[in-house]
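Accompanying notes for the structure given below.
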Amino acid sequence: MQKREPVTGPELIELLERGFEATSAMLRAVPPQRFGDPSPCEGWTAGQVGNHLVGGARYFGQVAAGQASELPAEDPQLSADEVAAAFGEAARLNVDAFSKPGVLDQQLEFAFGPTPGWIVANISLSETVIHGWDLARAAGLPYSPDDAAVDAVMRFQSQSNEDELRAEGMFAPATSAPGDASPFEELLAFTGREPRSVSG
């Protein structure tokens, strides 16, 4: 992926909102019976991805609000009927926290040490956009995140230490994007996903 400058300014707040909106809408559409289905995240069901989305939105929002630094020991264990509402509430608090004056420029207490707020916000956006696809694919639902939000994730991920992320298991080895791939499909391939795989 070609390196580009990440989004660091206040426009990141609107992109977070857009990313959360797309994933929240998709979550509300997941039939409860699909939460036990396997997801593209190895060893995770759709329900586990949904709970991870909730936990991530909560955690990054808490970091922005100065209420947490260490990663939670585990994701929430919410039922299929609870996940969508919990994610919507976590997303709202997340955006509120990052919207506070100066937060994007502050050094936040984060799991990996003091980290600029804009980096934490970009990680939060990346999580909701990429794992949103994982859940949608598991549930057999369409998922079209905002183009500008996808571009922001691509900009941020282009700055990442790719070898380190893959060595730590954060990303699988990159796959080959189709020749006519959209930017989002290119991003998914970069993170080790098969953009046009068919759900079970």
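Some points to look at:
- The helix-only estimate of mean residue ellipticity at 222 nm for the chain, built from DSSP H runs of length n ≥ 4 each weighted as -39500 (n - 2.57), is -17500 deg cm²/dmol after division by the residue total.
- For the peptides 100-111, 72-83, the ranking by mean Cβ contacts within 10 Å, running from highest to lowest, is 100-111, 72-83.
- For the chain, the membrane-span-like helices by this rule, meaning whole DSSP H stretches whose C-alpha atoms cover at least 18 Å of axis and whose Kyte-Doolittle mean is 0.5 or above, are 117-139; this says nothing about an actual membrane.
- Relative intensity, log₁₀ I(q)/I(0), of region 1-147 from a Debye sum that treats every alpha carbon as a point, q = 0.14, 0.20 Å⁻¹: -0.63, -1.18
Computed from the coordinates by the stated procedures, all read-outs in this text should not be read as laboratory data. Remember, it's a predicted structure, so these values are computed and weren't measured experimentally. Neighbour counts run over all protein chains shown; Cβ positions are idealised from the backbone, glycine included.
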